[in-house]
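**Q** I'd like to ask you about the structure that follows.
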Amino acid sequence: MTASRGALLDGDAACRALEMDCAARGFKVTVRPLGDGPRHLSASFSLFGDIAVASSRTTPVAVSRSRADISQDAHEFFVLPLHFGGTYTLDQAGREHHFEGGGTRLVAGNSPYLLQQRPDDGVGETYSLAIPAEKLRDRVRRADDQALRAIAPDDPGYVFLSNYVRFLACQAPVSPEMAHQVGNHLLDLAGLMLQPGRDQAEHSEEAVRAVRRRELDQLLDRKLADPAVDLTRLAQAMGISRRYVQMLFEGMGTSFSDELRRRRVERAIALIADPRCAGRSLADIAFACGFADLSTFNRSFRVVTGQTPSTWRRVPGQHE
């Protein structure tokens, strides 16, 4: 789901690399370096359903789309650049717009524009969303009228969306099913930012919960073997409250203790079935799965499977 390029290159080489990556995704642009000195370019591209996300950290560059570039577009789309720090200028439709210290403006992707960072800035961080026009129009009433409206970095909708996008950039590639859901969440959050309302707010909250549930799922898998793992430690690792973690489990139709027991037993079953573990004792397997003692392991195993671990190991064929 993700393709990326990271490099320390001279100005021309770095810009050509970024142009090639964009062109490979059907988005033709011209990129040129600004200012003097060495160039830094680190960029990644991800596709979440219908939404493409490009993230970059670069020394000052100018990114433009000409009429010739646009003539090759297969679809109509909007661009939503999320800037973190630095000063940027956008020229489109004969008007000049400024981003300073963050924020965004919705850009008509199929209209010529020039977006550039101030030449004496340092390394800038930008996440750009390419959103199919029809998808955004389904979410936002009169979406075209929202183009080029300034959205401040402290706007609640911007904070929601930018935090979500930055979180996604730190995660491993997701499955196609999850990518489709994430794309819908990005659309909902963009809609919340561009046209606030109760329905959009409800969608945005669900988008945030979905990201948190995925984060919790990955964290719990990493912590299974730790017999000391509890709600408090999970909450601390995620930077949220203990009660919020409980609510995430409730949203998955389970509880912390039930989910932890189920996952530990499933891991134990996998080890018991692994021919490489044939010589390992059940106690050793229990400890490897995070159980504090053998009696708790036996009791938990029976709750989940209806059998004891020893019976499960003795008659493996009946579980296939």
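**Q** Of all residues in segment 256-278, count the ones that are of a type outside the set (A, V, I, L, M, F, W, C), in a helix (DSSP H, G or I) and surrounded by fewer than 18 Cβ atoms within 10 Å (Cβ to Cβ). Full working, then the answer.
**A** Start the filter on segment 256-278 by keeping residues that are of a type outside the set (A, V, I, L, M, F, W, C), which leaves 257-259, 261-264, 266-267, 274-276.
When the remaining residues are screened for being in a helix (DSSP H, G or I), the result is 257-259, 261-264, 266-267, 275-276.
So of that shortlist, the ones also surrounded by fewer than 18 Cβ atoms within 10 Å (Cβ to Cβ) come out as 257-259, 262, 266-267, 275-276.
Matching residues across segment 256-278 total 8.
**Q** Just wondering, is there one or more residues in segment 49-58 that are more than 26 Å from A13 (Cβ to Cβ) and hydrophobic (A, V, I, L, M, F, W, C)? Before you say what the answer is, go through the steps one by one.
**A** Start the filter on segment 49-58 by keeping residues that are more than 26 Å from A13 (Cβ to Cβ), which leaves 49-51.
Applying the additional criterion that residues be hydrophobic (A, V, I, L, M, F, W, C) yields 51.
Among the residues of segment 49-58, at least one is more than 26 Å from A13 (Cβ to Cβ) and hydrophobic (A, V, I, L, M, F, W, C), which makes the answer yes.
**Q** Moving on. Can you name every residue in segment 23-73 that is crowded, with 17+ Cβ neighbours inside 10 Å, part of a strand (DSSP E or B) and of a type in the set (K, R)?
**A** R65
**Q** Scan segment 94-106 and report the pairs whose first residue is without any contact (Cβ under 8 Å) to a residue 12 or more places away in the chain and farther than 21 Å from E76 by Cβ and whose second residue is among the hydroxyl-bearing types (S, T, Y) and not in a loop (DSSP other than H, G, I, E, B), with Cβ atoms within less than 9 Å and a gap of 6+ or a chain change.
**A** So the pair list comes out as E96/T89; H98/T87; H98/Y88; H98/T89.
**Q** Among the listed residues F77, F99, which satisfies the condition of being touching a Pro at 6+ places or on another chain (Cβ under 7 Å), crowded, with 18+ Cβ neighbours inside 10 Å and in the same structural domain as A190 (by TED's automatic domain parsing)? It would help to see each step written out before you state the result.
**A** On the way: F99 fails: touching a Pro at 6+ places or on another chain (Cβ under 7 Å).
Among F77, F99, only F77 is touching a Pro at 6+ places or on another chain (Cβ under 7 Å), crowded, with 18+ Cβ neighbours inside 10 Å and in the same structural domain as A190 (by TED's automatic domain parsing).
**Q** Within segment 79-113, how many residues turn out to be more than 19 Å from Y164 (Cα to Cα), modelled with pLDDT of 85 or more and part of a loop (DSSP other than H, G, I, E, B)?
**A** 4
**Q** Of all residues in segment 121-179, which are among the polar types (S, T, N, Q) and either surrounded by fewer than 17 Cβ atoms within 10 Å (Cβ to Cβ) or not in a helix (DSSP H, G or I) (or both)? Reasoning before the result, please.
**A** Initially, segment 121-179 is screened for residues among the polar types (S, T, N, Q), giving 126, 128, 146, 162-163, 171, 175.
Of everything in segment 121-179, those that are among the polar types (S, T, N, Q) and either surrounded by fewer than 17 Cβ atoms within 10 Å (Cβ to Cβ) or not in a helix (DSSP H, G or I) (or both) turn out to be T126, S128, N163, Q171, S175.
The values are calculated or read from the model by the stated rules, or taken from the named source; none is laboratory data. Model, not experiment: these values are computed from the prediction. With ideal geometry, Cβ positions are generated from the backbone for all residues, glycine too; neighbour counts draw on all protein chains shown.
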